[in-house]
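The values are calculated or read from the model by the stated rules, or taken from the named source; none is laboratory data. Source: prediction; values computed, not measured. Glycine gets a Cβ as well: all are built from the backbone with ideal geometry, and neighbour counts include every protein chain shown.
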Amino acid sequence: MDVITNLINQIDAWVWGWWMILLLLGTHIFMTIRTGVIQRKIGTAIKLSVTKDPDGEGEVSQFGALTTALASTIGTGNIIGVGTAIALGGPGAVLWCWLTGVFGIATKYSESLIAVKYRVKTKDGRMQGGAMYALERGLHMKWLGLIFAIFGGFASFGIGCATQVNAIATVCQENLRIPPAAVGIAVAVLTALVIFGGIKAIANVCEKLVPFMAAFYVVGCFIILCINYDFIVPAVVTICKMAFTPGAAAGGLVGRGIMMAMQYGIARGLFSNESGMGSAPIAAAAAQTRNPVRQALVSSTGTFWDTVVVCLMTGLVLVTSIMKNPAIDMGEITNGGVLTTLAFQQIPVLGPVILVVGIISFAYSTVLGWAYYGERCVEYFAGRKGLVPYRVLYIAVAVIAPVISLNLVWTIADILNALMALPNLVAVLLLSNVIVAETKKYINNLDAKDDTEIEIIDR
């Protein structure tokens with residue numbers, strides 16, 4: 001077993017090595033240039049995200065599709081993942097994480113655009129889309145679409161379910177003294193009640209849960225920053241300085257140099273916002289929208305909220321709390337979860353509450369979002385007959401997740417996420433001319449309707 005574990009760890013280290021980081025970040029920068037810096041439209045995109053488009057064809061509102069995607073992307077990575085980046089890469093990792101989000105907006109826009117453009121509809125009126133359909137219908141590479149769907153389906157059990165439920169169980173046990181087994185059963189029941197209702201039920205829950213949890217967490221972080229106000233400017237200076245140079249700062253913070261800061265900051269940013277992974281476009285394809293560019297803009301705000309706002313807030317809270325409280329010994333901490341917990345505990349009453357509510361709500365919403373992604377992937381390679389077995393297995397994983405060791409599960413899910421990204425990036429890069437053409441066609445006339453008939457499939 002040790003040999004297998006070591007082999008899997010080596011594969012994980014390789015697939016998430018510098019080549020993958022450079023491929024993803026390179027795609028972000030390339031698509032930023034190709035789309036004419038689509039980030040400049042973020043204000044318009046935010047406005048569109050809360051505007052209904054009843055004239056467009058789809059299953060759920062644009063906002064419903066966005067919150068379903070945000071449900072999966074705003075997860076424990078926004079809290080614990082940022083702590084890991086700081087613990088291993090130094091405070092400068094926060095800047096690289098933020099920059100990854102800024103450039104990642106272009107890739108999220110691009111992958112969502114082709115997901116909508118090449119989406120199909122089943123005979124019973126359900127929308128299907130994502131990298132697998134873009135590969136099949138846009139590039140005639142169904143074999144690669146199948147590979148994406150298989151990796152995505154299996155990845156959902158790990159990153160979408162097991163690791164998230166385990167995080168909920170851990171925080172409930174440590175802070176509320178609730179037995180892990182009870183948490184697993186409760187989450188499984190709540191998940192079953194939602195996912196058997198399909199995308200509309202998931203979107204309805206996410207429309208209510210995601211805005212609440214994000215607002216609660218951001219307001220909580222803002223209050224903590226008000227308490228730490230005297231360290232905000234020093235923290236920003238430290239983050240910017242240590243993104244490029246090694247050195248030391250108050251609170252035992254140590255800059256580990258540009259290479260370490262880049263590696264951990266970029267990796268955590270990519271992992272958190274999922275830009276380039278191909279997951280969020282699956283939800284985007286179900287949206288009611290009159291043209292692909294309109295929904296692509298809405299989807300791109302997911303990366304903005306996830307990394308540019310939430311991850312940045314977490315980073316500032318952690319760095320200011322560490323600098324203000326000498327009791328946090330950075331020399332002894334290499335675990336992001338421990339660092340995050342210690343930082344939030346420095347704030348009496350409020351800090352632990354924000355951490356507990358944040359992790360529980362973020363993790364549960366991720367369970368729902370990834371359940372939908374997994375279903376669409378399973379339906380692509382196994383047909384509708386695979387949906388009920390998938391849902392049953394997904395719920396079973398939720399039950400046992402709190403009482404199993406997740407190190408190996410997390411590592412395998414990490415590998416599958418990277419393997420999902422590769423076919424998706426092939427679709428984005430090879431269809432970049434289509435993305436550019438569609439952008440030019442609709443970007444200055446977002447109300448124009450795409451009258452292209454959506455193909456009906458017998459699947």
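Here are some notes:
- Top-ranked residue of segment 424-442 - restricted to ones that are in contact with a Gly (Cβ under 8 Å, 6 or more places away or on another chain) and of a type in the set (Val, Ile, Thr), ranked as nearest to CYS377 (Cα to Cα): VAL428
- Selection from segment 205-220 of residues that are surrounded by fewer than 17 Cβ atoms within 10 Å (Cβ to Cβ) and over 16 Å from VAL310 (Cβ atoms): LYS208
- The residues in segment 429-445 that are farther than 16 Å from PRO281 by Cα and either among the small types (Gly, Ala, Ser) or without any contact (Cβ under 8 Å) to a residue 40 or more places away in the chain (or both) can be counted, and the count is 5.
Residues are listed down the side, and each one gets a yes or a no for (1) modelled with pLDDT of 80 or more; (2) crowded, with 19+ Cβ neighbours inside 10 Å:
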site	(1), (2)
CYS240	yes, no
ALA249	no, yes
GLY255	no, yes
ILE258	no, no
ALA261	yes, yes
SER279	yes, yes
ALA285	yes, yes
GLN288	yes, yes
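- Failed criterion for GLY386 (all others in (1) within 24 Å of the chain's Cα centre (by Cα); (2) modelled with pLDDT under 95; (3) assigned to a helix (DSSP H, G or I) hold): (1)
- The residues in segment 54-68 that are at pLDDT 80 or above and in contact with a Lys or Arg (Cβ under 9 Å, 6 or more places away or on another chain) can be counted, and the count is 7.
- In the set (1) farther than 20 Å from MET277 by Cβ; (2) buried (at least 21 other Cβ atoms within 10 Å of the Cβ), the condition left unmet by ASN444 is number (2).
- Where CYS226 falls short, out of the listed (1) touching a residue at least 40 places away in the same chain (Cβ under 8 Å); (2) over 30 Å from MET132 (Cβ atoms): (1)
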